[in-house]
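Some notes on the structure that comes next.
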Amino acid sequence: MSREKSKYIKYFIIFSIFVLLFGAIGEKSTGYNTFLRWVTFASSIFLTFKAFEKKIEWQRYIFIAIAMFFNPIIPLYLAHPSWAAALNILVALLFAVVLFSSWGKGDNKKLKEEKNLVNINSDKQEN
C-alpha cells in the first residue's frame with residue numbers, strides 16, 4: 001500500500017473514532033446511526049486488511065467481528081441504548097490503540113531498509 005493511500009486511511013480511521021465517540025453521547029437519529037454503521041464498517045474492513053497484511057491474527061478476528069456487528073446492510077441492534085454507547089466507546093478505544101500502536105511500524109522498517117540500500121548504492125558509486 002502506498003504511503004499516501006495509507007495516510008488517508010489513517011485519517012479515515014481517526015474520523016471514525018470521533019464518529020463513534022460522538023455516537024456514544026446520548027441518543028442520535030436513525031440517519032446518524034446508519035452513518036455511524038457505514039463509517040465503522042469501512043474502518044473495520046480497512047483494519048482487517050491491515051491485520052492480514054501485517055499477519056496479526058487476533059486483529060483479523062476482532063475487526064471481522066466488528067464489521068459484522070456494525071454491518072449497515074443487515075444491522076444488529078442492542079436492547080439498551082447504554083449498551084450501544086458502551087460498545088461505541090470500546091470500539092473507538094480499540095481503533096485508537098491499534099492505530100497508534102502498530103500503524104506505520106512496518107512502513108518505518110521499509111523506509112530504513114530503503115535508506116540503507118540508497119546508502120550502500122551511493123558508497124559503491126563513490127568507490
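Here are some notes:
- Some residue of the range 28-36 being surrounded by 15 or more Cβ atoms within 10 Å (Cβ to Cβ), at pLDDT below 85 and not in a helix (DSSP H, G or I): yes
- Within the range 47-70, the only residue that satisfies the criterion of being part of a loop (DSSP other than H, G, I, E, B) and in contact with a Phe, Trp or Tyr (Cβ under 6 Å, 6 or more places away or on another chain) is 70.
- Subset of the range 41-61 [within 21 Å of residue 75 (Cα to Cα) and within 9 Å of the chain's Cα centre (by Cα)]: 42, 43, 44, 45, 46, 47, 48
Residue-wise test of (1) touching a Pro at 6+ places or on another chain (Cβ under 6 Å); (2) modelled with pLDDT under 90; (3) assigned to a helix (DSSP H, G or I); (4) hydroxyl-bearing (Ser, Thr, Tyr).
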| position | (1), (2), (3), (4) |
| --- | --- |
| 11 | no, yes, yes, yes |
| 42 | no, no, yes, no |
| 73 | no, no, no, no |
| 77 | no, yes, no, yes |
| 110 | no, yes, yes, no |
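- Check on residue 101, modelled with pLDDT under 90, of a type in the set (Ser, Thr, Tyr), loosely packed, with under 10 Cβ neighbours inside 10 Å and under 27 Å from residue 6 (Cβ atoms): yes
- Qualifying residue in the range 47-64 (condition: of a type in the set (Phe, Trp, Tyr), out of contact with any strand residue (DSSP E or B) (no Cβ under 7 Å at 6 or more places or on another chain) and surrounded by 17 or more Cβ atoms within 10 Å (Cβ to Cβ)): yes
- Pairs where the first residue, in the range 80-93, is at pLDDT 90 or above and of a type in the set (A, V, I, L, M, F, W, C) and the second is assigned to a helix (DSSP H, G or I) and buried (at least 18 other Cβ atoms within 10 Å of the Cβ), C-beta under 7 Å, 6+ apart: 91/20; 91/40; 91/66; 92/17; 92/20
The values are calculated or read from the model by the stated rules, or taken from the named source; none is laboratory data. Only a predicted model underlies this, so the values are computations on that prediction, with no experimental measurement involved. So basically every Cβ, Gly included, is an ideal-geometry build from the backbone, and we count neighbours across all protein chains shown.
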